[in-house]
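Reading through the structure tokens given below for one structure.
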Amino acid sequence: MPAAIEVSNLSKRYRVYRKREGVWASVTGLFRRDYKTVEAVKSVSFSIDAGEMVAFLGPNGAGKTTTLKLLSGLVFPTSGDAVVLGHIPWKREHSYRRRFSLVMGQKNQLWWDLPAQESFGLHKEIYRIDPDAFERRRDELTDLLEVGDLVAQPVRELSLGERMRMELIAALLHSPDVLFLDEPTIGLDVVSQRKVQEFLKHYQAEKKITVILTSHYMKDVEALCRRAIIINEGEIKHDGPLADITDRFSRNKVIHLQFAGADVPADLGKYGNVFDVHPPRAKLEVPRQKIAEVLTSLLAKYTLEDVGVQERPLEEVIAEVFTNSKSNCEEVSVSVGETVGPGGI
Ligand SMILES: Nc1ncnc2c1ncn2[C@@H]1O[C@H](COP(=O)(O)OP(=O)(O)OP(=O)(O)O)[C@@H](O)[C@H]1O
Ligand SMILES: [Mg+2]
């Protein structure tokens, strides 16, 4: 079976006008423009099977949104190839538009002043959805996302979480086979975030659609994806099971300590890596298998007011992949992705 998404040496360079400071520079700028080149995506390659749900991770400006825009046909590449469901995205064929959706958490794609149900009706026409199928899907989606009683209310009156759920419905009404999700939970509170996660998990498991998800919230990634592609400065730094990252980089745990008295003992460093010192509190990073032994020694030697053991947050672990990318990731392979939604092209 061919891959649903096949990307090969895809690059996108932007040329941006660089304005100099000062009046004289503004005047000369009228005659001679100064440009710089931004390499947003640098020769990325990856392949995603039908039915896979892959996380696309990276710091701000890494090239995630640009990749999703390329895969959605919103922008043309500088070089390289991509084939999604047999289509070259930037050819912008109508037959491709009907098979994918892009949801951008930062962008509102519904009509602001109209109730969501009006926008849904518009999507029905744009995507030429069969009326019975449209009603069935709309009712199923509003039910699953628990927004049935809000569809008649102008979108501008909805909360961010409610609006995001409407965006998802609009994106899924035409039953796309590929879904690009660009930070779908950005700005949402924990409860709304979880609702969106649960919905996506359920929907993907049932419909077996192919999903690329970008998110800065590791909770989304942990809940939904088994594979992660990590990108930094336009290049892929890791492509493989999410567990590989957590296993390879989370060999340590962190002991949170609060000592009785005003200070942190000077010899704490002999038990592990001491950091975040705010006397009488400090954190100690210790290999997972040594936790019990270190705790026993510390409790025998010092009087502790409070003690706790925590996993290293996945955010921190991923950040380590960016910073140690060359040395740590050479043995692992590489890849990237991005989005377009209903009426998005
Ligand atoms: N239209 C554009 N014109 C010029 N430069 C752009 C344009 N879009 C993106 N860039 C630049 O390309 C790089 C990658 O941007 P991109 O939006 O893909 O990052 P990202 O990984 O999605 O970041 P974030 O996590 O902040 O959303 C950045 O340096 C950005 O400034
Ligand atoms: Mg982005």
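Has region 65-74 got any residue that is surrounded by fewer than 20 Cβ atoms within 10 Å (Cβ to Cβ) and of a type in the set (D, E, K, R)?
Looking for residues that are surrounded by fewer than 20 Cβ atoms within 10 Å (Cβ to Cβ) and of a type in the set (D, E, K, R), one finds none in region 65-74, hence no.
Name the one entry in Gly86, Gly61 that is open to solvent by 60 Å² or more (accessible area, probe 1.4 Å), within 16 Å of ligand 2 (Cβ to nearest atom) and not aromatic (Phe, Trp, Tyr). Working first, answer last.
Details: Gly86 fails: within 16 Å of ligand 2 (Cβ to nearest atom).
Checking each option against the conditions leaves just Gly61.
What are the residue pairs meeting all of these: first residue in region 86-97, first residue farther than 12 Å from Leu71 by Cβ, second residue exposed (fewer than 14 other Cβ atoms within 10 Å of the Cβ), Cβ atoms under 8 Å, and 6 or more apart or on different chains?
Here the result reads Gly86/Pro2, each pair linking region 86-97 to a residue that is exposed (fewer than 14 other Cβ atoms within 10 Å of the Cβ).
Picking from Lys201, Lys237, which residue would you name as being charged (D, E, K, R), assigned by TED's automatic domain parsing to the domain that holds Pro115 and assigned to a helix (DSSP H, G or I)? Let's see the steps before the verdict.
On the way: Lys237 fails: assigned to a helix (DSSP H, G or I).
Sole residue among the options that is charged (D, E, K, R), assigned by TED's automatic domain parsing to the domain that holds Pro115 and assigned to a helix (DSSP H, G or I): Lys201.
Could you say which residue among Leu160, Leu102, Leu71, Leu144 is closer than 27 Å to Tyr217 by Cβ, touching a Pro at 6+ places or on another chain (Cβ under 7 Å) and touching a residue at least 12 places away in the same chain (Cβ under 8 Å)? Steps first, answer last, please.
Numbers: Leu160 fails: touching a Pro at 6+ places or on another chain (Cβ under 7 Å); Leu102 fails: touching a Pro at 6+ places or on another chain (Cβ under 7 Å); Leu144 fails: touching a Pro at 6+ places or on another chain (Cβ under 7 Å).
Answer to the selection: Leu71.
What number goes with the only condition from (1) within 16 Å of ligand 2 (Cβ to nearest atom); (2) loosely packed, with under 13 Cβ neighbours inside 10 Å that Asp149 does not pass?
Going through the list (1) within 16 Å of ligand 2 (Cβ to nearest atom); (2) loosely packed, with under 13 Cβ neighbours inside 10 Å, Asp149 breaks only (1).
Quickly run through region 108-136 and pick out the residues that are open to solvent by 80 Å² or more (accessible area, probe 1.4 Å) and under 22 Å from Glu93 (Cα atoms).
Listed by number, the residues that qualify are Glu125, Arg128, Asp130.
Scan region 31-44 and tell me whether some residue there is at pLDDT 90 or above, assigned to a loop (DSSP other than H, G, I, E, B) and exposed (fewer than 14 other Cβ atoms within 10 Å of the Cβ). Steps first, answer last, please.
Going through region 31-44, the residues at pLDDT 90 or above turn out to be 37-44.
Right, trim to assigned to a loop (DSSP other than H, G, I, E, B) and you get none.
No, region 31-44 contains no residue that is at pLDDT 90 or above, assigned to a loop (DSSP other than H, G, I, E, B) and exposed (fewer than 14 other Cβ atoms within 10 Å of the Cβ).
Assess whether Thr210 counts as being under 28 Å from Leu85 (Cβ atoms), away from ligand 2 (no atom under 16 Å from the Cβ) and of a type in the set (Ser, Thr, Tyr).
Values: under 28 Å from Leu85 (Cβ atoms): yes; away from ligand 2 (no atom under 16 Å from the Cβ): yes; of a type in the set (Ser, Thr, Tyr): yes.
For Thr210, the condition - under 28 Å from Leu85 (Cβ atoms), away from ligand 2 (no atom under 16 Å from the Cβ) and of a type in the set (Ser, Thr, Tyr) - is met.
Identify, please: which residue in region 145-189 is among the polar types (S, T, N, Q) and over 29 Å from Leu70 (Cα atoms) and is, among those, farthest from ligand 1 (Cβ to nearest atom)? If you could, list the steps in order and put the result at the bottom.
First, pick out the residues of region 145-189 that are among the polar types (S, T, N, Q): 153, 159, 175, 185.
Now narrow it down to the ones that are over 29 Å from Leu70 (Cα atoms): 153, 159.
Details: Gln153: 29, Ser159: 23 Å.
So the residue we want is Gln153.
When you scan region 202-245, how many residues do you find that are more than 12 Å from ligand 1 (Cβ to nearest atom), open to solvent by 10 Å² or more (accessible area, probe 1.4 Å) and modelled with pLDDT under 90?
Total meeting the criteria: 8.
In region 262-303, which residues are out of contact with any Phe, Trp or Tyr (no Cβ under 9 Å at 6 or more places or on another chain), open to solvent by less than 70 Å² (accessible area, probe 1.4 Å) and not aliphatic (A, V, I, L, M)?
Answer for region 262-303, where residues must be out of contact with any Phe, Trp or Tyr (no Cβ under 9 Å at 6 or more places or on another chain), open to solvent by less than 70 Å² (accessible area, probe 1.4 Å) and not aliphatic (A, V, I, L, M): Asp267, Gly269, Tyr271, Gly272, Phe275, Pro287.
Step by step: first the residues of region 46-58, then only those that are in contact with an Asp or Glu (Cβ under 9 Å, 6 or more places away or on another chain) and open to solvent by 20 Å² or more (accessible area, probe 1.4 Å), then the one that is farthest from ligand 1 (Cβ to nearest atom). Which residue is that?
Ala50
For the subset of region 171-187 comprising residues that are modelled with pLDDT under 95 and crowded, with 24+ Cβ neighbours inside 10 Å, which member is farthest from ligand 2 (Cβ to nearest atom)?
Ranking the candidates gives Thr185 first.
The values are calculated or read from the model by the stated rules, or taken from the named source; none is laboratory data. Source: prediction; values computed, not measured. Glycine gets a Cβ as well: all are built from the backbone with ideal geometry, and neighbour counts include every protein chain shown. Heads up: the accessible areas ignore ligands, DNA and RNA and are worked out on the full protein's heavy atoms, side chains in. Shrake-Rupley method; radii C 1.70, N 1.55, O 1.52, S 1.80 Å.
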